[in-house]
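Reading through the structure tokens given below for one structure.
The values are calculated or read from the model by the stated rules, or taken from the named source; none is laboratory data. Note that the structure is predicted; figures quoted are calculated from it, not measured. Here Cβ is always computed from backbone atoms with ideal geometry, including for glycine, and neighbour counts include all displayed protein chains. For accessibility, only protein heavy atoms count, side chains too; no ligands or nucleic acids. Shrake-Rupley method; radii C 1.70, N 1.55, O 1.52, S 1.80 Å.
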Number of protein chains: 4
Amino acid sequence: MTSIDIIKAPTSDPADTAGPLHTLRQAGFRVSDLLAVVGKTEGNGCVNDFSRGLSAAVWEPLIPDDAITVFSGGTEGVLTPHVTLLVADRAEHPGYDRGLVAATGRTRVIAAEELGRAAQVEAVRASVESLVGKLALRTEDVHLVLVKCPLLTSTQVSSCRDRGLEPVTDDTYESMARSRLASSLGIARALDECTDAQVEAALEGSQQVWSRRASASSGAELADCHILVLGTSEAASNPLRAAHASMRDAIDADTVVQLLEQVRAEGGTVVQVLAKAEASPDGQIRGRRHTMLTDSDLQSTRHARAAVGGLLAGLVQDTAIYVSGGAEAQGAPGGGSLTVLYRLSPR
Amino acid sequence: MTSIDIIKAPTSDPADTAGPLHTLRQAGFRVSDLLAVVGKTEGNGCVNDFSRGLSAAVWEPLIPDDAITVFSGGTEGVLTPHVTLLVADRAEHPGYDRGLVAATGRTRVIAAEELGRAAQVEAVRASVESLVGKLALRTEDVHLVLVKCPLLTSTQVSSCRDRGLEPVTDDTYESMARSRLASSLGIARALDECTDAQVEAALEGSQQVWSRRASASSGAELADCHILVLGTSEAASNPLRAAHASMRDAIDADTVVQLLEQVRAEGGTVVQVLAKAEASPDGQIRGRRHTMLTDSDLQSTRHARAAVGGLLAGLVQDTAIYVSGGAEAQGAPGGGSLTVLYRLSPR
Amino acid sequence: MTSIDIIKAPTSDPADTAGPLHTLRQAGFRVSDLLAVVGKTEGNGCVNDFSRGLSAAVWEPLIPDDAITVFSGGTEGVLTPHVTLLVADRAEHPGYDRGLVAATGRTRVIAAEELGRAAQVEAVRASVESLVGKLALRTEDVHLVLVKCPLLTSTQVSSCRDRGLEPVTDDTYESMARSRLASSLGIARALDECTDAQVEAALEGSQQVWSRRASASSGAELADCHILVLGTSEAASNPLRAAHASMRDAIDADTVVQLLEQVRAEGGTVVQVLAKAEASPDGQIRGRRHTMLTDSDLQSTRHARAAVGGLLAGLVQDTAIYVSGGAEAQGAPGGGSLTVLYRLSPR
Amino acid sequence: MTSIDIIKAPTSDPADTAGPLHTLRQAGFRVSDLLAVVGKTEGNGCVNDFSRGLSAAVWEPLIPDDAITVFSGGTEGVLTPHVTLLVADRAEHPGYDRGLVAATGRTRVIAAEELGRAAQVEAVRASVESLVGKLALRTEDVHLVLVKCPLLTSTQVSSCRDRGLEPVTDDTYESMARSRLASSLGIARALDECTDAQVEAALEGSQQVWSRRASASSGAELADCHILVLGTSEAASNPLRAAHASMRDAIDADTVVQLLEQVRAEGGTVVQVLAKAEASPDGQIRGRRHTMLTDSDLQSTRHARAAVGGLLAGLVQDTAIYVSGGAEAQGAPGGGSLTVLYRLSPR
């Protein structure tokens, strides 16, 4: 059970560690306190997003062995490249009835032929359950499970076939969706939000099952899954809190406003918003056609991040938020999971 | 002075006239009533956006000789391709102290060497003044001047040089911005919002002058400028009204909410929102870096439309709105002009 | 059996019919002589390529009822937008032992649920056989079967599902590949190049079967398949000839050079080159990695057209050639079908 | 005077150093022998190409202090990501009348306001002259000067203005062209290919001056210019040779074939080809329109690399070649400089 604090810092480019580390130190923490570096980097967020790889290359050697990185590409529109640093907070914060806690871990390497399939679901499920257990959290006190998971490159697709095995897809961009789906189902299963049968159906295309607390992002810069579990625990005492919901669709301002009002009602200040966004799979938003799925120049995840990022940044009045594209089983179809981290006023 | 009504209809593709014409007839109007077809089409909104050209090719032969088309490309993110049909409304609507009126016109052809320069400013100014005069409007009663203006293709740049003349730029995408700027300065000048000296400075790069009522969009599908002037007149009586403002930046939700509250306070229902959006030229939004101007895969106008479209659609709860990219002299730098058309309750 | 002539004309933009029609008249032909307008237009060649739709919108009303249009989008790199006009040539050209002949036709409308499946294969096969029969050609005298076929938009995917039917894919870009594949298998079957069992296997993913004479292109601008069969017939007498081959891969200059040397050996002059190009599905060219399938910013068909177009234009010394992307069952995997049309010297 | 050898190795991704270093060792060299790592990486080759930055981040810590990296982004079409390793070759190769030699260096940091202007020209000129002097080469024996130079990001444009200085352009993509131009003029001046007055005119837009031996590439991953000079010297003895030319336009296969025939005539085997490519600035290739400058979805440098890369790979029968986009003053307008490195047969 690790009580945490959260520091947010803009980055001047994907290789910028100096700026965030300065902010970290100013906040009274050291690199050895880092549990996770969760960044938005300015690539396309798709298969060939090397901004993620560059950030991983500069951060990985700096952080503790058991800390993780999660770099989500794509800062379309108004979004600001930045990192959210989660640190172990060993200071006393008396007077709070609970506190935000976190645990991080990794699955084993996901083989190319396992990606997007039951084996990936199972690996993520096992890791999430282990981390929830480590935090001694009731599943209802988990507010966010953030996963960074691998994808399939052409090379991996080919090597898979050379071994006589068939990958889940040979479309590299589509492999990102399949990986996010499998990770999210692993989360949903670990949090008792669905059954094994529902997982199976979801892997076959059913869109009935989803978790409001799952946020998965895929990338070529890793071969295993990096996992962060965030929850509130009565065993901790700190001013950080979390609330979560699911946006019903990409223009669901009401849900966002309600969550923000809840924060305000508790006297809280928003520290970070983490949202998933996607193009509604049926090509429509409230009965009106959108064109995200027929735009061959611009992937739908880029469209979705830009639009939902614009809405959230306007509502929260902050551009340094974590909006990630591709919300398979992460919130309602066409919508997405939404977590707000906030800080209660000092008491 | 033409009292107008406004009909909004989604389109199934850029060549779709049947759907909108059906809606027009159901509303009790005929094609001969059309003053303007203002559409959002699903191309990239940039130089090679042939969705605009396709819409123009199918609509131009249908509409009255003195009606105009304005097709603005780009329905990034949640935006829905649609047309806004402005029709002359000859019905009596007694009991209103004023009404929304409109006039449309065209400038002469803008030569390639004139584009983005004083000659274009002057041509637009003269046309706008003439239309405002025709409507017998005080300039303060004008709520929107919408302009569709030409751009420079490679062929035009070359032919210009072959004639020994230098175009304002040889970057075809940049020519769109220059054309929007010149048109907008023409509007600002016609509405007495700036001096000739300020126009000159603005053409040289000064960002001091802008109009909250200007909305200009450029395209390869025309050689002159199409102009629509919208205002409220005491000489008319109908339930349509307009309000306008300028967004301070791309996340300025407050200004939008205020305008919507004003509409609500008057008992109005939003009919259409017309907004301009752009990437802040200094690369920042409220002191935080954005990446719209360093993304060589995706033009900044596409980013801006997606983000501001996402915000506005969420606030208005409608995806069939007119959000156009590139806001040079159209509202504050980094923000954009914003006009809301609304309908008062029957009385 | 229609003896034909071929006129090639550049276009100033996708809506340009005036230029080509002027060239047509100068060559001594009339619009009523047109059998087919085969164009390269300057869109992205993908789902949202409205340059094709614009060209179709301006050409379709002009041409005879039984003539067809085939607009293939994408003039990446050095390629020039142009049209190739195939006209019925009723003049006498004595002294030739044979001549180039052509026939055109259309299939019925391909329903969304049929696209990419056996029903589309069968519809194309039947039409091709009928056209080959009409020309009284031996299958070995057929040098090119050019097909323009439909694709699936989001709207079609959704309406298909609303009817309880599953489309072959819900990825709109992928639907283009499936449609090209089905059309090409229909051609291969009609030309006795494969068995029904091989067609079935190919629809399931086998890449064993392909035709060196098939060239299929998909688009949103039509609902049926437009088909052109070109061959040489001893019943005709004209100076036009055709030769075909398959490029082994995207850098197979040898095959191109051999074909061009054959033309030269016969004293011929190249009139037009029609080639298909694709990213090698295994992610490699001669054992070296290519990145066309991992580039999420730029579809692989655009990459392939640009590269193969660059090679062919350099070898033929002409940029107004027909290079089309996506070569499923059209020539060897990673390569593509290649047809050269040429004119013998007057005798 | 450093006699060199050249090792070429494919890379599995931009972070791959293991593969090339293995190849280096197999060839009998050590990391300490490295003079330069010249790579093609798989990003977009434009402003936000982080594949270059990632390669620089992993290679820079490995190589000797006075060695340089040059990473050129963009492997469109058939091109293979790879590195060309230039190493000091201390072995004896008796029996050759000359040998290929190289020297590398760096300019001072180029300030944002200097970029694309006379100050950058001068800095490059001075460094090139110094390196040519160090190699004791006659300018006619220089076959290639390769430069990697900086660009302007939004942040740099803004900070420049904040200091009251005006950057050469505020378009970040355009800044790449300006930087390449200035570097190339510095090369041309150092090689006595032009006068100061011609440099001045070229900075103002004249396209009269260019060098067949200049190859400049810009990127955000460095602030100074990295420079490599390659030539043949009678003071060295090794089997490597170089030949250079300028392609007249993007389909100038003749010039390429002539150079390759010259190599063959000498009994040489091609080791590497380095070419610059660009969209012809007048929008035409041999009088026919191209669309590279009106495609707002895809930058013209990407088009040009794909097309010229396709041609060269086909002619050389190798996809691991160095084709770089944007040929301002590097070969004829619309064409580009071309250098072939080859190895004579053992004697």
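Some notes on this structure:
- Student exercise, segment C:152-193 dipole from Lys, Arg, Asp, Glu Cβ charges, in Debye to nearest 20: 100 debye
- Accessible area (Å², per residue) of segment B:109-193, counting only protein heavy atoms and a probe of 1.4 Å: 36 Å²
- Percent of beta bridges antiparallel (DSSP, the protein assembly as shown, rounded to nearest 5): 75 percent
- A cut-off under 10 angstrom between Cβ atoms defines the neighbours of B:Thr139, and their net charge, with Lys, Arg +1 and Asp, Glu -1, is -3.
- J(HN,Hα) series, segment C:110-124, from Karplus relation 6.51 cos²θ - 1.76 cosθ + 1.60, nearest Hz, glycine and proline x: 8, 5, 4, 6, 8, 4, x, 10, 4, 5, 6, 3, 5, 5, 5
- Electrostatic bookkeeping for B:Ile110 treats Lys and Arg as +1 and Asp and Glu as -1; over the other residues with beta carbon under 12 Å from its beta carbon, the sum is +1.
- Summarising the strand pairing of chain D, around 75 percent of its internal DSSP beta bridges are antiparallel.
- Largest accessible area first, the residues D:Asp192, B:Asp318, B:Asp254, D:Asp49 order themselves as D:Asp192, B:Asp254, B:Asp318, D:Asp49 under a 1.4 Å probe with ligands, DNA and RNA left out.
- Total formal charge among the other residues, if their Cβ is under 9 angstrom from that of A:Ala190, Lys/Arg +1 and Asp/Glu -1: -1
- Length-normalised contact order for segment A:214-298 - Cα pairs under 8 Å, 6+ apart - percent: 20 percent
- Under a 5 Å amide H cut-off, with hydrogens placed 1.01 Å from N, D:Ile251 pairs with nothing among residues at least 5 apart or on other chains.
- Among the protein heavy atoms of segment B:143-287, carbon and sulfur supply 44% of the accessible surface, probe 1.4 Å, non-protein parts ignored.
- Dipole magnitude for chain A: about 640 debye, using +1 per Lys or Arg Cβ and -1 per Asp or Glu Cβ, origin at the Cα centre.
- Residue-wise HN-Hα coupling along segment C:194-204, computed from phi with Karplus coefficients 6.51, -1.76, 1.60 (Hz; x: Gly, Pro): 7, 9, 4, 5, 5, 4, 4, 4, 5, 5, 8
- Lys/Arg +1, Asp/Glu -1 at C-beta; chain C dipole; positive extreme among C:Ser12, C:Leu203, C:Phe29: C:Phe29
- Each copy carries a label point for B:Lys134 at 7 Å from Cα toward Cβ; from one copy, the others' points are 5.1, 7.1, 7.2 nm away, ordered from shortest.
- Chain A packed on chain C takes about 1600 Å² of accessible surface away from a 1.4 Å probe, both sides summed.
- For chain B, calculated [θ]222 nm from helices alone, where every DSSP H run of n ≥ 4 adds -39500 (n - 2.57): -9500 deg cm²/dmol
- Cα-based shape type of segment D:282-324, given that a ≥ b ≥ c are square roots of the gyration tensor eigenvalues and the cut on a/c is 1.5: oblate
- Segment B:6-105: projected area of the alpha-carbon convex hull, averaged over directions, in nm²: 7.3 nm²
- Three-way shape label, chain D, alpha-carbon gyration tensor, a/c 1.5: rounded
- Cα extents of segment B:60-175 along the three principal axes, largest first (Å): 60, 36, 28
- Label distances, nm, B:Arg90 versus same residue in remaining copies, Cβ-directed 7 Å point: 5.0, 8.5, 9.7
- Candidates C:Ser233, C:Ser12, C:Ser184: whichever shows maximal mean-square fluctuation once chain C is modelled as a Gaussian network with Cα springs under 10 Å: C:Ser12
- Average accessible surface for segment B:1-100: 32 Å² per residue, computed with a 1.4 Å probe over protein heavy atoms with every protein chain in place.
- Burial of accessible area (probe 1.4 Å, heavy atoms of protein chains only) in segment B:244-283, relative to its chain alone, reaches at least 50 Å² for B:Ile251.
- Gap separating the Cα centres of segment B:68-95 and segment B:177-208, nearest whole Å: 27 Å
- On the rotation that sends chain A to chain C, the chain A Cβ lying closest to the axis gives residue and distance in whole Å as A:Asp171, 4.
- Rounded to 10°, Cα long-axis angle of helix A:253-265 versus longest principal axis of chain A: 20 degrees
- Checked against a 23 Å cut-off, the cross-linked pairs C:Lys8/C:Lys148; A:Lys148/A:Lys276; D:Lys8/D:Lys134; D:Lys40/D:Lys276; C:Lys40/C:Lys148 give Cα-Cα distances beyond that limit for D:Lys8/D:Lys134.
- Segment A:1-120 - percent of accessible surface contributed by carbon and sulfur, probe 1.4 Å: 52 percent
- The protein assembly as shown: C-alpha gyration tensor shape, a/c 1.5 cut-off, then a/b vs b/c: rounded
- Mean separation of Cα pairs under 8 Å and 6 or more residues apart, divided by the residue count, gives segment B:94-216 a relative contact order of 34 percent.
- DSSP bridge pairs, segment C:26-143: antiparallel proportion in percent, nearest 5: 50 percent
- If you take the Cα centroid of segment A:232-267 and the Cα centroid of segment A:134-167, the two points sit 27 Å apart.
- Copies compared at C:Ala118 - label distances in nm, ascending, label defined 7 Å from Cα in the Cβ direction: 3.0, 7.5, 7.8
- Rolling a 1.4 angstrom probe over the protein heavy atoms with all chains in place gives segment D:203-347 an accessible area of 29 Å² per residue.
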